[in-house]
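Notes follow the structure.
The values are calculated or read from the model by the stated rules, or taken from the named source; none is laboratory data. As the structure is a computational prediction, the values presented were derived from the model and not from experiment. Glycine gets a Cβ as well: all are built from the backbone with ideal geometry, and neighbour counts include every protein chain shown. For the accessible areas, the whole protein counts, side chains as well, though only heavy atoms, and no ligand, DNA or RNA atoms are used. Shrake-Rupley method; radii C 1.70, N 1.55, O 1.52, S 1.80 Å.
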Amino acid sequence: EAQVTQNPRYLITVTGKKLTVTCSQNMNHEYMSWYRQDPGLGLRQIYYSMNVEVTDKGDVPEGYKVSRKEKRNFPLILESPSPNQTSLYFCASSPRLGDTQYFGPGTRLTVL
Amino acid sequence: QKEVEQDPGPLSVPEGAIVSLNCTYSNSAFQYFMWYRQYSRKGPELLMYTYSSGNKEDGRFTAQVDKSSKYISLFIRDSQPSDSATYLCAMSLLPGGSYIPTFGRGTSLIVHP
């Protein structure tokens, strides 16, 4: 089944404790991206990747890192999480930049 | 002014009603328009997309684009309780410009039996 998976689905952590949210797609898509979704603000792009080893900042990259060492995986790293990073995070992929995107199920992160 | 404006609702309608969901945008270079549906606790899923002005129909759903007014709509006929979800519009530029889609904030739709 073609899908985008994210782990964990739910995470509660404390300020400053490094964490990684994994994202994997099995559709051989070139383009992957991370979004956060907050009430009243909608979906905002954090980072995106056009292919392996090619990443770029989206609208709200501060406090986040990403890597794209393999085509299928695009982990989101929070080196020192803060409470303002409490949000619902979505990973998405598409065959190419500009094509319609397939979203993962979301990761609800709470930073205390 | 946000590039894409969308009323967050909630919009509450009885089962069987015709629903109209709308977005306005400010960037006249947008050429590719999408509607996503997002159920509670799920990721957005693509519902419809269109490249041009006019109407595109798919079952009970019709997407309408009016580029002259910078206005897009999604109509749902014979709405069902299972249509209750948040609907997000998204749009992007075509080759020659940025491809990164811009999303609206989403409209929450509640269809009650």
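Inside the range B:21-113, counting only strands (runs of 3 or more DSSP E) that do not spill past its ends, which hold 3 or more residues that are among the small types (G, A, S)?
Numbers: elements: B:32-38, B:45-50, B:54-58, B:61-66, B:71-76, B:85-92, B:107-112.
Hits in the range B:21-113: B:85-92.
In the range A:101-112, how many residues are surrounded by 18 or more Cβ atoms within 10 Å (Cβ to Cβ) and either at the interface with chain B (Cβ under 8 Å from one of its Cβ atoms) or assigned to a loop (DSSP other than H, G, I, E, B) (or both)? Show your work before the answer.
The first filter runs over the range A:101-112 and keeps only residues surrounded by 18 or more Cβ atoms within 10 Å (Cβ to Cβ), leaving A:101-104, A:106-107, A:109, A:111.
Subsequent filtering for residues that are either at the interface with chain B (Cβ under 8 Å from one of its Cβ atoms) or assigned to a loop (DSSP other than H, G, I, E, B) (or both) retains A:101-104, A:106.
The total comes to 5.
Going through B:T102, B:T50, B:T107 one at a time, which residue ends up being within 14 Å of chain A (Cβ to nearest Cβ), surrounded by 13 or more Cβ atoms within 10 Å (Cβ to Cβ), farther than 17 Å from A:Y35 by Cα and out of contact with any Leu (no Cβ under 8 Å at 6 or more places or on another chain)?
B:T50
Can you tell me how many residues within the range A:27-66 are buried (at least 22 other Cβ atoms within 10 Å of the Cβ) and of a type in the set (K, R)?
So the count comes out to 1.
Pairs under 9 Å by beta carbon, first residue under 22 Å from A:R68 (Cα atoms) and more than 9 Å from chain B (Cβ to nearest Cβ) in the range A:33-44, partner open to solvent by 20 Å² or more (accessible area, probe 1.4 Å) and among the aromatic types (F, W, Y), six or more apart or different chains?
Close Cβ pairs satisfying both conditions: A:W34/A:Y47; A:W34/A:Y48.
Any idea which of (1) in contact with a Ser or Thr (Cβ under 9 Å, 6 or more places away or on another chain); (2) in a strand (DSSP E or B) is the one A:M50 doesn't satisfy?
A:M50 satisfies all of (1) in contact with a Ser or Thr (Cβ under 9 Å, 6 or more places away or on another chain); (2) in a strand (DSSP E or B) except (1).
One residue is enough: does the range A:75-94 have a residue meeting the conditions open to solvent by 10 Å² or more (accessible area, probe 1.4 Å), at the interface with chain B (Cβ under 9 Å from one of its Cβ atoms), under 13 Å from A:Q6 (Cβ atoms) and of a type in the set (F, W, Y)?
No, the range A:75-94 contains no residue that is open to solvent by 10 Å² or more (accessible area, probe 1.4 Å), at the interface with chain B (Cβ under 9 Å from one of its Cβ atoms), under 13 Å from A:Q6 (Cβ atoms) and of a type in the set (F, W, Y).
Please give the number of the condition A:T5 fails out of (1) closer than 21 Å to B:L46 by Cβ; (2) assigned to a loop (DSSP other than H, G, I, E, B); (3) open to solvent by 40 Å² or more (accessible area, probe 1.4 Å).
(2)
Kindly provide the set of residues from the range A:80-98 that are in contact with an Asp or Glu (Cβ under 9 Å, 6 or more places away or on another chain) and touching a residue at least 60 places away in the same chain (Cβ under 8 Å), ordered by number.
Of everything in the range A:80-98, those that are in contact with an Asp or Glu (Cβ under 9 Å, 6 or more places away or on another chain) and touching a residue at least 60 places away in the same chain (Cβ under 8 Å) turn out to be A:S93, A:S94, A:P95, A:R96, A:L97.
Hey, any hits in the range A:46-64 for a residue that's within 11 Å of chain B (Cβ to nearest Cβ), farther than 13 Å from A:Q6 by Cβ, touching a Leu at 6+ places or on another chain (Cβ under 9 Å) and charged (D, E, K, R)?
No; the residues of the range A:46-64 include none that is within 11 Å of chain B (Cβ to nearest Cβ), farther than 13 Å from A:Q6 by Cβ, touching a Leu at 6+ places or on another chain (Cβ under 9 Å) and charged (D, E, K, R).
Here's the yes/no breakdown for (1) surrounded by fewer than 21 Cβ atoms within 10 Å (Cβ to Cβ); (2) within 14 Å of chain A (Cβ to nearest Cβ); (3) at pLDDT 90 or above:
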residue	(1), (2), (3)
B:F30	no, yes, no
B:F33	no, yes, yes
B:E45	yes, yes, yes
B:G59	yes, no, yes
B:A63	no, yes, yes
B:D78	yes, no, yes
B:D83	yes, no, yes
B:Y87	no, yes, yes
